[in-house]
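Worksheet: one structure, shown below.
The values are calculated or read from the model by the stated rules, or taken from the named source; none is laboratory data. Treat the numbers as computed from the prediction; the structure is a model and nothing was measured. Here the Cβ positions follow ideal geometry from the backbone for every residue, glycine too, while neighbour counts run over all protein chains shown.
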Amino acid sequence: MPGFGRRIASGIIVIAMALGIMSAAAGYGGPSGGFGGRTDEAIVDAAAYLLRAVPAPGVGQTGGEWAVIALVRSGAAVPGGYILSYYDRVAAQLERTGGQLSTVKYSEYSRVALAIAAIGADPRDVGGYDMIAPLMDYDMAVRQGLNGPIFALIALDGTGFSGEDVTGRYLDFILERQLDDGGFTLSGGVSDPDTTAMALTALSRYTDREGVAQAIGRALERLSLLQRPSGGFTSFSSTNSESVSQAIIALCSLGVPLDDERFIKNDSTLFDNLMTYCVDGQGFEHERGGGASLMATEQALCALAALWRHSSGMAALYDMADSPDSLPDAAEPPPAGGEGPAVVSVPAVTGDAVQFGDIEGHGSEEAIRELAGRGIVNGYPAGRFDPDGGVTRAELAAIFVRALGLAASGDGLPFSDVPPGSWFRDYAQAAFEHGLIQGRTPDAFDPSGFVTRQEAAVMACRASALCGVSEVFDETAVRNVLSQFIDYRTVAAWAAEPLAFCYYSGLLDDSGLEILPMELLTRGEAAEIAFRMLKAAKLV
């Protein structure tokens with residue numbers, strides 16, 4: 001591991017780059033195949049996209065650790081202030097939560113530990129909190145299913161804090177879940193390329209263990225069979241770039257060259273296939289023709305970093321032994337966020353302190369106070385907010401309309417149950433005109449009906465699009481996001497993509513094991529979603 005704690009006088013981390021461009025010598029041109037400058041250019045483009053798309057990384061599945069790991073491990077020129085701002089956000093969140101990232105999804109600790117080690121800090125002491133200790137709790141980590149032990153093993157090995165007892169148990173857990181066809185899957189009995197590749201990455205350090213080399217051989221054979229004639233992969237009816245990225249990371253972790261005959265299909269390698277998803281001057285697409293995707297670009301840059309590091313004889317992507325010795329000194333400000341569309345006008349803080357006697361210590365306290373200070377949410381008599389009470393359709397529409405400063409231009413609502421003079425009439429009119437709401441029936445809005453979590457996701461997705469935060473998800477992308485929850489199959493078809501967007505964008509907290517799509521949304525959760533949406537759009 002790096003020598004944590006020493007600080008160096010460096011404002012910008014530059015690894016084998018000059019003036020933001022990688023040298024040709026750093027490209028992928030060694031014995032594993034001659035891709036040369038194509039890798040360099042792709043890394044530069046993808047890194048530039050991520051720095052624009054994620055100006056303020058924090059704890060998160062997307063827009064967080066994977067972006068940081070991809071940028072730092074790819075050799076990209078990353079401002080020192082960008083790295084320090086990420087560290088500070090993680091430390092601040094841990095301070096707010098008492099060091100807890102999740103009570104059920106311990107892959108959160110794995111992801112943060114890897115990113116913290118990658119930037120040159122000590123994952124055992126992030127603002128006084130230890131990200132390694134939770135990974136030593138085998139029983140908690142395996143509750144998540146196969147994903148938990150895979151990334152616990154990767155993180156413990158990669159940060160140099162593995163212990164023989166717990167890593168051996170994780171290793172056994174993974175091996176015991178290898179399918180008869182040689183692959184791996186998160187659920188069901190048919191292997192998928194993503195999980196098979198991630199399992200191979202976790203197993204890559206244990207080739208000298210009894211039975212592991214054989215398991216790796218079977219998994220590689222299965223991964224080869226899953227590869228399509230184009231050189232890529234299809235997961236759940238969708239041919240996508242993320243599966244290719246995970247396969248590249250796995251092969252590089254194992255030291256398998258990409259021109260290995262098992263992984264060349266019709267003269268096309270995994271690298272060749274990945275580059276077909278590259279958007280010129282931008283990032284990478286999830287599916288071809290879908291436009292640049294943050295999730296796809298994060299994973300693609302991780303894959304390119306793995307490829308560059310492997311060909312250059314450097315430590316593997318997740319092996320942080322060669323990460324910087326300490327954090328940089330210069331705290332340069334991260335890139336500024338842009339302004340929202342003209343239709344959106346977020347209310348300013350009024351300056352009046354809003355006091356609610358029933359929110360102190362509540363998980364949504366910050367969001368409630370921030371929004372109340374702007375007049376976006378309000379409470380009940382006697383200083384109550386009732387954060388755990390249900391929120392009605394009229395109330396949620398009002399919250400989003402106030403949050404975005406939307407105005408109504410007409411008075412043509414088709415709903416007979418939204419009478420003139422009602423407190424929610426103008427909010428319903430504005431929400432209807434801007435496409436935030438539809439009726440329960442063609443002529444009924446049901447303003448007093450309580451909102452379920454999946455219904456809230458639909459409205460939040462529409463509101464986010466108005467302030468410039470949107471992402472298109474196909475069936476596979478939806479499944480990739482939602483399958484981390486044990487009840488994802490209970491989601492209504494019409495709510496699947498909006499829910500995937502809300503988790504992907506951080507509007508919904510993904511730290512639990514369940515989506516609970518039919519449970520009623522609480523008033524506190526409504527405030528949290530609206531506040532996170534405004535932050536995601538750089539509007540607060």
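At a glance:
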| item | result |
| --- | --- |
| Subset of segment 400-456 [closer than 22 Å to ALA496 by Cβ and assigned to a loop (DSSP other than H, G, I, E, B)] | GLY435, LEU436, ILE437, GLN438, GLY439, ARG440, GLY449, VAL451 |
| Counted residues, segment 235-259 - those being under 17 Å from TRP308 (Cα atoms) and without any contact (Cβ under 8 Å) to a residue 60 or more places away in the chain | 10 |
| ALA403, sole failed condition from (1) free of Cβ contacts under 8 Å to residues at least 40 places away in the same chain; (2) under 19 Å from ILE529 (Cα atoms) | (1) |
| Positions within segment 58-93 being among the charged types (D, E, K, R) and either in contact with a His (Cβ under 9 Å, 6 or more places away or on another chain) or closer than 29 Å to GLY313 by Cβ (or both), in sequence order | GLU65, ARG73 |
| Lone qualifier among GLY27, GLY20, GLY36 - being surrounded by 17 or more Cβ atoms within 10 Å (Cβ to Cβ), of a type outside the set (A, V, I, L, M) and at pLDDT below 85 | GLY27 |
| Candidate set: segment 266-308, residues that are outside any helix (DSSP H, G or I) and among the hydrophobic types (A, V, I, L, M, F, W, C); chosen: the one surrounded by the most Cβ atoms within 10 Å (Cβ to Cβ) | PHE284 |
| Which listed residue is among the β-branched types (Val, Ile, Thr), more than 23 Å from ALA70 (Cβ to Cβ), in a helix (DSSP H, G or I) and touching a residue at least 24 places away in the same chain (Cβ under 8 Å), from VAL112, VAL142 | VAL142 |
| Residue that is surrounded by the fewest Cβ atoms within 10 Å (Cβ to Cβ) [pool: residues in segment 399-414 that are out of contact with any helix residue (DSSP H, G or I) (no Cβ under 7 Å at 6 or more places or on another chain) and farther than 23 Å from ILE368 by Cα] | GLY412 |
| Residues that are at pLDDT 85 or above and either basic (Lys, Arg) or over 16 Å from ARG309 (Cβ atoms) (or both), drawn from segment 69-78 | ARG73 |
| Test result for ALA460, within 15 Å of GLU528 (Cα to Cα) and either modelled with pLDDT of 90 or more or in the same structural domain as ALA53 (by TED's automatic domain parsing) (or both) | yes |
| Some residue of segment 237-251 being within 27 Å of the chain's Cα centre (by Cα) and assigned to a loop (DSSP other than H, G, I, E, B) | yes |
| Hey, ALA91 part of a helix (DSSP H, G or I), surrounded by fewer than 24 Cβ atoms within 10 Å (Cβ to Cβ) and of a type in the set (Gly, Ala, Ser) or not | yes |
| Qualifying positions in segment 95-109 - buried (at least 21 other Cβ atoms within 10 Å of the Cβ) and touching a Leu at 6+ places or on another chain (Cβ under 6 Å) | GLU108, TYR109 |
| Whichever residue in segment 324-347 is of a type in the set (Gly, Ala, Ser) and in contact with a Gly (Cβ under 9 Å, 6 or more places away or on another chain) and, among such residues, is modelled with the lowest pLDDT | GLY338 |
| Check on LEU396, out of contact with any Gly (no Cβ under 7 Å at 6 or more places or on another chain), buried (at least 21 other Cβ atoms within 10 Å of the Cβ) and under 21 Å from GLU519 (Cα atoms) | yes |
| Residue count, segment 472-487 (criterion: at pLDDT below 90 and either under 24 Å from GLY148 (Cβ atoms) or not in a helix (DSSP H, G or I) (or both)) | 11 |
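Rundown of residues vs (1) of a type in the set (Ser, Thr, Tyr); (2) buried (at least 24 other Cβ atoms within 10 Å of the Cβ); (3) in the same structural domain as VAL104 (by TED's automatic domain parsing), yes/no style:
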{"site": "GLY158", "(1), (2), (3)": "no, yes, yes"}
{"site": "SER191", "(1), (2), (3)": "yes, no, yes"}
{"site": "GLY211", "(1), (2), (3)": "no, no, yes"}
{"site": "CYS252", "(1), (2), (3)": "no, yes, yes"}
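Residue-wise test of (1) in a helix (DSSP H, G or I); (2) surrounded by 23 or more Cβ atoms within 10 Å (Cβ to Cβ); (3) in the same structural domain as ALA56 (by TED's automatic domain parsing); (4) not hydrophobic (A, V, I, L, M, F, W, C).
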{"site": "LEU507", "(1), (2), (3), (4)": "no, yes, no, no"}
{"site": "GLY512", "(1), (2), (3), (4)": "no, no, no, yes"}
{"site": "MET518", "(1), (2), (3), (4)": "no, no, no, no"}
{"site": "ALA527", "(1), (2), (3), (4)": "yes, yes, no, no"}
{"site": "PHE531", "(1), (2), (3), (4)": "yes, yes, no, no"}
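To keep it simple, each residue is scored yes or no on (1) assigned by TED's automatic domain parsing to the domain that holds SER238; (2) under 22 Å from LYS105 (Cα atoms); (3) buried (at least 20 other Cβ atoms within 10 Å of the Cβ).
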residue: ASP446; (1), (2), (3): no, no, no
residue: THR452; (1), (2), (3): no, no, no
residue: ALA456; (1), (2), (3): no, no, yes
residue: SER464; (1), (2), (3): no, no, yes
residue: GLU471; (1), (2), (3): no, no, yes
residue: GLU475; (1), (2), (3): no, no, no
residue: VAL478; (1), (2), (3): no, yes, yes
